[in-house]
Amino acid sequence: MLHKDFEIAVNKLPEEQRKQKPDQDKLGFGQYYADHMFTMRWNRQDGWHDAQIEPYGNISLDPAAMVLHYGQAIFEGMKAYRSNDGRILLFRPLDNFARMNQSALRMCMPRFPEERVLQALKALIYLDQDWVPSEPGATLYIRPTMVAIEPHLGLRSAEEYLFYIINSPVGAYYSEGFSPTKIYVEDSYVRAVPGGVGFAKTAGNYAASLKAQVEAHNKGFTQVLWLDAVEHKYIEEVGTSNIFFVINDVLVTPPLGGSILPGITRDSVLKLAEEWEIPVEERRLTIGEVIQAAEDGSLQESFGTGTAAVISPVGELTYCEKTYTIAGGGIGPLSQRFYDAIQEIQFGAREDSQNWVVPVC
Ligand code: COI
């Protein structure tokens, strides 16, 4: 049963207990949380139930809660944007919820009713509308999450889950903002394996990526470029983002083969490229091909795409101790064009020809 009773109870934090809003110039990423959160619970008998908007606060878990032992945890990353005329807009929210339900299927977790959770999200953001920043580039980052809360130590899929949404006003994901990144091509650690959980937005994928990220940071790099787990030669992703290359005026990105996250920003770039009649190839490409293109001058640009960072241009790629500069170490014209177009659509400042934007109010 998907859901039994989806009335949303609202328990508001008294005005005098609401937090002071942070300075919008110093938001960083994921350091502050809005006053309220949405929660609902699932068990086999009742389906989804106890949906409520309540004050942001700690959740209480049994030490035997299965998420703490066996990692049934999935999440999403999405944003709310304040337009110049004061509206609050969401970007493709139902695509995020559809992806989350795909993650749920892979992790043996219950699916949730996407339209109803969208209504809950709108109500939550409406209540905390003062938390949606108005400074250019700042947004409200939305983190829907689902975890297994049943206390049990035998290994099986849990029979009780908590779903919640928390919201965090954020600035740029990388401290450098929208500027070229230095990328280390990771040829020993891998992120995901064929038949594994790489396409699911599940916590373990991020935990597994930390070691490579820490080592790359220590060497002065922004992020790592992941290669495939079998031959260590096919390009997969960059950090927590999808990756694109512009080679000989063609936009090239690896196909979604099960080990790559189906990014909403990735898909938006592909759809805009089609609208703009830019040739696109979704195909496997090797690090050897990229290095060759960097050497012969046919590699014009590269950029990562993700909700948190939007578009992150790659300024340098380091592979086997050699560093290759891309787009002269600056921001390539196509990276800039995608960044501007996506941001303008998200903030309601450009025609939304693909019907991606969903107003909260
Ligand atoms: C996102 O881009 O929204 C992500 O989920 C990345 C996250 C690690 C901040």
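When we screen Ala64, Ala98, Ala73 for residues that are more than 16 Å from the ligand (Cβ to nearest atom), assigned by TED's automatic domain parsing to the domain that holds Trp131 and of a type in the set (Gly, Ala, Ser), the only hit is Ala64. Condition check for Ser175 on (1) modelled with pLDDT of 95 or more; (2) outside the structural domain of Pro63 (by TED's automatic domain parsing); (3) not charged (D, E, K, R): one failure, at (1). Restricting attention to region 130-144 and to residues that are away from the ligand (no atom under 16 Å from the Cβ) and crowded, with 16+ Cβ neighbours inside 10 Å, the residue that is nearest to Asp35 (Cα to Cα) turns out to be Trp131. Would a scan of region 278-298 turn up a residue that is within 16 Å of the ligand (Cβ to nearest atom) and not in a strand (DSSP E or B)? The answer is no; no qualifying residue exists.
Let's see how each residue does on (1) touching a Lys or Arg at 6+ places or on another chain (Cβ under 8 Å); (2) open to solvent by 20 Å² or more (accessible area, probe 1.4 Å); (3) assigned to a loop (DSSP other than H, G, I, E, B); (4) within 24 Å of Ile264 (Cβ to Cβ):
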position: Glu16; (1), (2), (3), (4): no, yes, no, no
position: Lys21; (1), (2), (3), (4): no, yes, yes, no
position: Gly28; (1), (2), (3), (4): no, yes, yes, yes
position: Met37; (1), (2), (3), (4): no, no, no, yes
position: His49; (1), (2), (3), (4): yes, yes, no, no
position: Asp95; (1), (2), (3), (4): no, yes, no, yes
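The values are calculated or read from the model by the stated rules, or taken from the named source; none is laboratory data. Quantities reported herein were computed from a predicted structural model and do not represent experimental measurements. Quick reminder, even Gly has a Cβ in these numbers, built from the backbone with ideal geometry, and neighbours come from all protein chains shown. Accessible surface is based on the protein model in full, side chains and every heavy atom, while ligands, DNA and RNA are left aside. Shrake-Rupley method; radii C 1.70, N 1.55, O 1.52, S 1.80 Å.
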